[in-house]
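The values are calculated or read from the model by the stated rules, or taken from the named source; none is laboratory data. The structure displayed is predicted, hence computed values, not measured ones. In this analysis, Cβ positions are derived from the backbone assuming ideal geometry, glycine residues included, and neighbour counts consider all displayed protein chains. When the accessible area is computed, the model is the full protein with side chains, heavy atoms only, and any ligands, DNA or RNA have been set aside. Shrake-Rupley method; radii C 1.70, N 1.55, O 1.52, S 1.80 Å.
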Amino acid sequence: GRRNLKLADIATTDRMRTCSSSKGGDWPCGMVARTQQRLFLRNRTIACETDSAEWEGMIEARCRVGELDIATWLAENGWAEAPAGSPLAALTEKARIERRGLFGDDQR
């Protein structure tokens, strides 16, 4: 069956999402976020904490590449939002203030 992994503590960024630029107009921030995540993970070994080795369908887990927690990296860089109540919510606020990732201008 299909196995889908959702990173814990952050909301998945919709690939079709658009963000507004400070100069006016929109940019395809969802596509850019997806690309940034792919570049970050490219050719690296991802280790996830899951309770079950035999999972199918959707599972939520915390994953890392090396010492870096992937959700933390995405939140810090503004490529994914941490919902209220998430341990990473403060990182989303900081990214918003610093206009990083989704909260900034077109970064292509």
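How many Å² of accessible area per residue for the chain, probe 1.4 Å?
On the way: 6900 Å² over 108 residues.
Value for the chain: 64 Å² per residue.
Using 0.36 nm times the number of residues separating Lys6 and Val65, minus their current alpha carbon distance, what extension gain do you get?
Working: separation 59, 0.36 × 59 = 21.24 nm, distance 1.54 nm.
The Lys6-Val65 span can extend by a further 19.7 nm.
If R₀ is 35 angstrom, what is the calculated FRET efficiency for the pair Glu54 and Met16, using the beta carbon separation as r and rounding to 0.05?
Working: r = 33 Å, r/R0 = 0.93.
Calculated value: 0.60.
As I understand it, the dipole of the chain uses +1 on the Cβ of Lys and Arg and -1 on the Cβ of Asp and Glu, about the Cα centre. Which of Gly24, Gln37, Ile59 lies farthest toward its positive end?
The listed residue farthest towards the positive side: Gly24.
Angle between the Cα long axis of helix 29-41 and the longest principal axis of the chain, 0 to 90 degrees, nearest 10?
It works out to around 50 degrees.
List the relative contact order of the chain as a percent without decimals, with contacts defined as Cα pairs under 8 Å and 6+ residues apart. Intermediate values should be presented prior to the final figure.
Working: 181 pairs, mean separation 35.3, N = 108.
Reported relative contact order: 33 percent.
Taking the Cα-to-Cβ direction at Asp26 and at Glu98 and moving 7 Å from each Cα, how far apart do the two end points lie in nm?
For the pair Asp26/Glu98, the computed spacing is 2.8 nm.
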